[in-house]
Structures are given as structure tokens and as C-alpha cells.
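What follows is calculated from the coordinates using simple rules that are stated; it is not laboratory data. The structure presented is a predicted model; accordingly, all values stated were derived computationally and were not measured. Here the Cβ positions follow ideal geometry from the backbone for every residue, glycine too, while neighbour counts run over all protein chains shown.
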């Protein structure tokens, strides 16, 4: 009886550490996308910030790099680490009542 309980305890401990490692890996991935996208858009959008989709798509990391007036869509290839950026898009602020 003690053996199944020990196996369960070890399995739960491993699951918890795997989840933490997975969270760390996603955070590292998001930081990599942010750095790559800010670097790729630095000339067009100095002082910009990046909003990164925390998981991206199956093949790509995705981010929107923005200043107060302009945004650029950034795509980061998960396999090759290549970055592609779109054109400059005006930021439109809508008044709310």
C-alpha cells in the first residue's frame, strides 16, 4: 500500500516541477520574441514597447510593437529565429462616452 502512495507523491512532485519549467520556458520565449521584435523595429519605432502573445501560433511568435502613434506587427519564426515585420500602422484612439 505504501508503494502506490510513494509513486503518486513522486508523480505529483514531477508534475509540479514540469509545470514550473514549462512556465519558465514560455516566459523565456516571450522575452526572446520581445527582444527580437524591438530590435527589428528600433529604427522605425525608437522607444517602442512590445506586446507579445505569450504562446504565439504553432510556428511563430507574435508581437505588436507600438509607440503612441504607430504600431508594427512582428512575426518571429520559432524554428529559424528569423523575424519579419509588417508596415507601419497608425494607432487610432477612439473617444468613449
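Here are some notes:
- Likely footprinting exposure, 49, 70, 96, fewest C-beta neighbours within 10 Å first: 96, 49, 70
- Taking every Cα-Cα distance in the range 28-97 and sorting them into 10 Å bins from zero, the calculated P(r) comes out as 23, 51, 21, 5, 0 percent.
- Remark: spin-label model distance residue 88-residue 58 equals 3.6 nm, labels positioned 7 Å along the Cα→Cβ axis.
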